[in-house]
Amino acid sequence: MARKSDGEPAASRLSMRDNIKKVATELLIRHGYHGTSFRHIADRLDITTTNIHYHFGNKEKLVEEVVRDYVTSTCAKHKEIWENPDRSLPQKLMDVAAFNQTRYKAFNRGRKSGQPWSLIGRLRLEGEVLSPGARESLASFTDNVQASVRVAVQIAYDRGELVADAPLDDIAFLLVNIVNSSSVFTQDAGNFERLEQFFEAFSRVMLSAYAPAGAVAIAAH
C-alpha cells in the first residue's frame with residue numbers, strides 16, 4: 001500500500017475506500033466499464049487487488065456504489081442550480097454549462113476536445129452490463145433533473161419571465177433533454193463551445209419566444 005506522508009493531518013486524508021472510488025470514477029469515465037479493472041485501479045493506488053476486493057467484493061458492487069454516489073452529487077448540484085429563486089432561466093442554463101465545463105476540463109485539454117467527461121453519459125452506453133442497482137441510479141438522474149427543471153420553469157413563470165399561456169411542460173421537457181444530451185453533444189461536436197452555443201441559442205430562440213412583450217431580458221451571463 002502506498003505510504004502516506006507522516007505530516008499529513010489524518011482529517012485531510014481520504015479513506016482507502018474513498019480513494020478507490022475516486023480512481024474508479026476517473027477510469028470509468030475515461031475507459032468505460034469494460035476498460036476498467038481492479039488491476040488498473042490497484043496500480044494507480046499502489047495497492048493489491050485483494051485490497052479492493054476487501055472493500056467492495058467485486059467489480060459490480062464497486063461500480064454500483066460509484067454510480068450511486070456520482071448521480072447523487074450531480075443531482076444535488078442540478079437541484080441547487082435549477083431551484084435557485086434568484087436566477088433567471090437563461091442564467092440557470094449558463095450555470096449548468098459552467099458546471100459541465102468544470103467536469104469537461106478535468107478530462108479535456110483546452111476547449112476543442114471530445115473526450116468523455118461524464119460518468120452518467122459514459123455508462124449509459126454500457127447499460128446492459130451494469131447491475132440493476134447501477135442502472136436504476138442512472139435512470140434516477142433524469143427523474144431528479146426533470147423535477148428540478150420543472151420547479152425552475154414554474155419559478156420563471158411566477159417571476160414573470162414567461163407569458164401566461166407559455167407551455168411550461170414543453171419548455172421543461174426540452175430543457176431536461178438538453179441536460180441529458182450534454183455529454184454526448186460535446187463528444188460529437190469535439191469541443192465544449194458548441195454546447196455553450198446550443199444553450200445560448202435555446203435561450204434566444206425558445207425562451208425569448210415566450211417572454212412577455214416589452215419585458216426586459218435578463219442577461220444570460
Next item on the list: Tell me the label-point distance for the pair LEU174, ASP43, using the 7 Å Cα-to-Cβ offset, in nm and rounded to one decimal.
Entry: 4.8 nm
Item checked: Using alpha carbons only: equivalent-ellipsoid semi-axes of the chain, gyration tensor based, whole Å -> 38, 17, 17
Next item on the list: Return the calculated 222 nm mean residue ellipticity for the chain, to the nearest 500 deg cm²/dmol, obtained by summing -39500 (n - 2.57) across DSSP H runs with n ≥ 4 and dividing by the residue count.
Entry: -20000 deg cm²/dmol
Notebook entry, point to check: Which whole-Hz couplings ³J(HN,Hα) result when phi for each residue of segment 25-40 is put into the Karplus expression 6.51 cos²θ - 1.76 cosθ + 1.60, θ = phi - 60°, listed in order with x for Gly and Pro?
Noted result: 4, 4, 5, 5, 5, 6, 10, x, 5, 5, x, 10, 9, 4, 5, 4
Next item on the list: Could you order ARG68, ARG122 by accessible surface area, starting with the largest, using a probe radius of 1.4 Å?
Entry: ARG68, ARG122
Note to self: Please list 3J(HN,Hα) in residue order for segment 43-60, calculated via the Karplus relation 6.51 cos²θ - 1.76 cosθ + 1.60 where θ = phi - 60°; whole Hz, with x for glycine and proline.
What the structure shows: 5, 5, 9, 6, 10, 9, 5, 4, 4, 5, 4, 4, 7, 10, x, 9, 4, 4
Next item on the list: Mind giving me the nanometre distance, one decimal, between the label points for ARG68 and ASP158, set 7 Å out from Cα along Cα→Cβ?
Entry: 3.3 nm
Note to self: Between LEU14 and ARG30, what is 0.36 nm times their sequence separation minus the Cα-Cα distance? Round to one decimal in nm.
What the structure shows: 3.6 nm
Item checked: In order through segment 87-103: 3J(HN,Hα) via Karplus (6.51 cos²θ - 1.76 cosθ + 1.60), integer Hz, x for Gly, Pro -> 10, 6, 4, x, 5, 5, 4, 5, 5, 5, 4, 5, 4, 5, 5, 4, 5
Notebook entry, point to check: What percent do you get for the relative contact order of segment 18-93 when only Cα pairs under 8 Å and 6+ apart count?
Noted result: 24 percent
Check: Put a dot 7 Å past each Cα toward the Cβ at ARG204 and ARG109; how far apart are the dots in nm?
Finding: 3.2 nm
Next item on the list: Compare HIS55, HIS78, HIS34, HIS40 by solvent-accessible area with a 1.4 Å probe and give them largest first, with all protein chains kept in place.
Entry: HIS34, HIS40, HIS55, HIS78
Notebook entry, point to check: Within the accessible area of the chain, what % is carbon and sulfur when the probe is 1.4 Å and the other protein chains stay in place?
Noted result: 52 percent
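Could you count how many Lys pairs in the chain have their Cα atoms under 13 Å apart, skipping same-chain pairs fewer than 8 positions apart?
Working: LYS21/LYS59; LYS21/LYS61; LYS77/LYS92; LYS79/LYS92.
Counting lysine pairs in the chain gives 4.
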Check: How much area per residue is accessible in the chain when the probe is 1.4 Å and only protein heavy atoms are counted (Å²)?
Finding: 52 Å²
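The values are calculated or read from the model by the stated rules, or taken from the named source; none is laboratory data. Predicted, not measured: the structure shown is a model, and the values here were computed from it. With ideal geometry, Cβ positions are generated from the backbone for all residues, glycine too; neighbour counts draw on all protein chains shown. We work out accessible area using only protein heavy atoms, side chains counted, and drop any ligands, DNA or RNA first. Shrake-Rupley method; radii C 1.70, N 1.55, O 1.52, S 1.80 Å.
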